């Protein structure tokens, strides 16, 4: 089952999907696109005090706003962390 966080605004469409095979991140304004990563490719995950979830793959960092009081957002974050631990990260 895929879990999703949406954080789009008027100009930029953003979402993060976590499923059993990895992470899909989309960020498009006028240019950009969708990227897919296996859990073993993710080097680091951080959650800021303001609720920005960021993850690093190589030299690239991908970020999305989350809402701390949103149960679905917390479920996505928990699943991401659990899957990363299971992959040995």
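You will find that of 38, 29, the residue that is more than 10 Å from the chain's Cα centre (by Cα), within 24 Å of residue 87 (Cβ to Cβ) and exposed (fewer than 13 other Cβ atoms within 10 Å of the Cβ) is 38 and no other. Of all the numbered requirements in (1) surrounded by 13 or more Cβ atoms within 10 Å (Cβ to Cβ); (2) touching a strand residue (DSSP E or B) at 6+ places or on another chain (Cβ under 9 Å); (3) on the phi < 0 side of the Ramachandran plot, residue 74 misses one, and that requirement is (2).
The numbers here are math on the coordinates, done by the rules we state, and not lab data. These figures come from a predicted structure and were not determined experimentally. Please note: Cβ atoms are built from the backbone with ideal geometry, for glycine as well, and neighbour counts cover all protein chains shown.
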